[in-house]
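Input: a single structure, listed below in structure tokens.
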Amino acid sequence: MNHVLSTHLFVNNRLTSALLGKIQHAGIPAVEIFCARQHLDYRDKAQIKELGHWFRESELKLHSLHAPMYNDEIWGKSGPHAVVTIAETVKARRMESVDEIKRAIEIAETIPFKYIIQHMGVGGEEFDMRKFDAAFAALEELKLFAGARGVEILLENIPNELSSAERLHQFDELTHLGLNYVFDTGHAHMGAGIENEWSMMKTKVRSTHVHDNNGKDDIHLFPMVSDGGTVDWKKTMALLRQREEHIPLLLELKERPEYANSIESAALVFERLEQQ
């Protein structure tokens, strides 16, 4: 499978060309950049311009962006107003989130990429049909904005009552937006199970987020390297290979102090998963 590494692994550090160079040097051919302002400040034209110049001269490809979850530089710690969510039922607040996501999509004007990964709601959010309506209004606008820049929105299965595989299917049938999906192994493991969620999503899956956990906590462990994960990777890789011509093996991992070189550890994950 094609290998992609999410820069979520370094989300608490500023994204630099030096870091991207290390990823490329490790033999990883593509990245997904996580839009968090302490990492990639999508409002900072100088940072975007610098990275754009680097990508133009580099063999490393930008596969996708992850849409922002917060509008501050401290991972939402400045307060509830920092949360970026398209399921906000108050229109004025929702439009603030839509505008924030548009700023991230505009990166495609400098650094082309294929997909932007979008959450529907936040972790643990309860289901409410009004939130579906809000997300529909937001995504209808964002789909046009992204499409004009050659970008496709992918919805992610996340651990809440709006974005399980079953709910994503329901949303698609109600809205007819025709959006495709990113399949998150860790989130599926916390929900109805990887095999079950994959069966409902697979025909519309265009990318992945691969990580491990204990079935309860969204801790983004390194598959087959970290202790504590309970995903059956032999079965999971067999499922993902059903769509290997259409999807990459994309690692979305959380930095861990026991790994002195996170990029080397990620490369080891790719190696071990491909052996399954």
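The values are calculated or read from the model by the stated rules, or taken from the named source; none is laboratory data. Worth saying up front: this structure is predicted, and the values here are computed from it rather than measured. Every residue, glycine among them, receives a Cβ derived from its backbone with ideal geometry; neighbour counts consider all protein chains shown. Calculation scope for accessible area: heavy atoms of the full protein, side chains included, ligands and nucleic acids excluded. Shrake-Rupley method; radii C 1.70, N 1.55, O 1.52, S 1.80 Å.
Points to keep in mind about this one:
- Distance from the range 94-117 to the range 149-163 (C-alpha centre basis), Å: 13 Å
- Subtracting the Cα-Cα distance of ALA192 and GLN170 from their residue separation scaled by 0.36 nm leaves 6.4 nm.
- Antiparallel bridge percentage (DSSP; both residues within the chain; nearest 5): 5 percent
- Most to least packed among 71-77, 92-98 [average Cβ atoms within 10 Å]: 92-98, 71-77
- Less than 5 angstrom separates the built amide H of LYS61 from those of ALA30, VAL31, all sequence-distant by 5 or more or on a different chain.
- Spin-label zone in the range 162-198 - amide nitrogen under 16 Å from a point set 7 Å from the Cα of GLN242 along the C-beta vector: 165-166, 169, 181-185, 188-189, 192-198
- In the full protein context, the range 1-94 carries 48 Å² of accessible surface per residue, based on a 1.4 Å probe and ignoring ligands, DNA and RNA.
- Karplus (6.51, -1.76, 1.60) ³J(HN,Hα), θ = phi - 60°, over the range 197-212, in Hz, Gly and Pro reported as x: 5, 4, 4, 7, 9, 4, 5, 10, 7, 10, 7, 9, 10, 10, 6, 10
- Over the chain, relative contact order from alpha-carbon pairs under 8 Å, at least 6 apart, %: 18 percent
- Once the chain from ARG256 to MET95 is taken as fully extended at 0.36 nm per residue, the excess over their C-alpha distance is 54.4 nm.
- Per residue, the range 113-158 exposes 41 Å² of solvent-accessible protein surface, assessed with a 1.4 angstrom probe and all protein chains in place.
- Phi angles across the range 146-154 convert, under the Karplus curve 6.51 cos²θ - 1.76 cosθ + 1.60 with θ = phi - 60°, into 3J(HN,Hα) values of 5, x, 5, 10, x, 10, 10, 7, 10 Hz, Gly and Pro given as x.
- Per-atom-type breakdown for the range 213-252 gives carbon and sulfur 45% of the accessible area (1.4 Å probe, protein chains only).
- Value of [θ]222 nm, deg cm²/dmol, for the chain, DSSP H segments ≥ 4, -39500 (n - 2.57) each, nearest 500: -11000 deg cm²/dmol
- With a Förster radius of 22 Å applied to the beta-carbon distance between ASN214 and LEU268, the computed FRET efficiency rounds to 0.60.
- A simple rule links phi to the HN-Hα coupling: the Karplus curve 6.51 cos²θ - 1.76 cosθ + 1.60 with θ = phi - 60°, which for the range 116-125 gives 10, 8, 10, 7, 10, x, 10, x, x, 5 Hz, with x for Gly and Pro.
- The accessible surface of the range 36-181, taken with every protein chain in place and a 1.4 Å probe, is 50 percent carbon and sulfur.
- What separates the Cα centres of the range 166-240 and the range 13-90 is a distance of 23 Å.
- Rounded FRET efficiency, nearest 0.05, which uses the C-beta distance separating SER58 from LYS235 and R0 of 35 Å: 0.45
- Of (1) 17.6, 50; (2) 20.2, 63; (3) 19.0, 70, the label for Rg and Dmax of the Cα atoms in Å derived from the coordinates: (1)
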